[in-house]
Amino acid sequence: MNIPDGPMTTTLILMRHAKAVDRLEAEDDFQRGLTSRGRADSAAIADKLEAMGIRADIALVSPAWRTRQTFDQLIPGIGTPSLDDPMALYHASTDMLERAALDVLPRAGCVLMVGHNPGIGGFAHKLARNCDARSQMPSGYPTATACVFELSNGSLDDPHLIAALTP
């Protein structure tokens, strides 16, 4: 049996959906789609992730239309990860997102989460605080922001911020 010398690492990408149409322009919040800027911003993030050599194994994506469209724009850059889009991720809290991540981290080398603020931004800022990287984080957590963390042994306890990406 071949046992690795050091700790195993997992990559966790936390991305807020890209710019969506205004609430007043959609029938309901769940069906709000991306604007042309949102599609361009998502594609720009996909290019940055691809340039970093990141390929996702599992994607946890809110089932809302704007998050699904954001994810679709990422596929050319990150590959075709298995997709899970449970309703529980729609406007999920930071705690709910943490639990969802912990559920899949043992099964993947790279997990992508696409969600909504304040939950996804709160999760990213919490991890950044845990690794003393708050100064590298974008203020708030603007649309189409993606933070890439490396986790030792798939644990959220000792993250390392690799990149904070904005379009």
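Data overview
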quantity	calculated
Tally of residues being closer than 14 Å to Met15 by Cβ and at pLDDT below 95 across segment 104-125	0
Residue, farthest from Val111 (Cα to Cα), within segment 35-63, restricted to residues that are open to solvent by less than 10 Å² (accessible area, probe 1.4 Å) and part of a strand (DSSP E or B)	Val61
Flag if Ala101 is in a helix (DSSP H, G or I), hydrophobic (A, V, I, L, M, F, W, C) and closer than 14 Å to Leu14 by Cβ	yes
Residue match in segment 64-82 (condition: basic (Lys, Arg) and open to solvent by less than 30 Å² (accessible area, probe 1.4 Å))	yes
Any hit, segment 108-116, residues being assigned to a loop (DSSP other than H, G, I, E, B) and within 16 Å of Arg68 (Cα to Cα)	yes
Yes/no for Leu74 being within 22 Å of Thr10 (Cα to Cα) and in contact with a His (Cβ under 9 Å, 6 or more places away or on another chain)	no
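The values are calculated or read from the model by the stated rules, or taken from the named source; none is laboratory data. Quick caveat, the model's predicted, so the values are computed rather than measured. Glycine gets a Cβ as well: all are built from the backbone with ideal geometry, and neighbour counts include every protein chain shown. Keep in mind that these areas ignore ligands, DNA and RNA; they rest on the heavy atoms of the full protein, side chains included. Shrake-Rupley method; radii C 1.70, N 1.55, O 1.52, S 1.80 Å.
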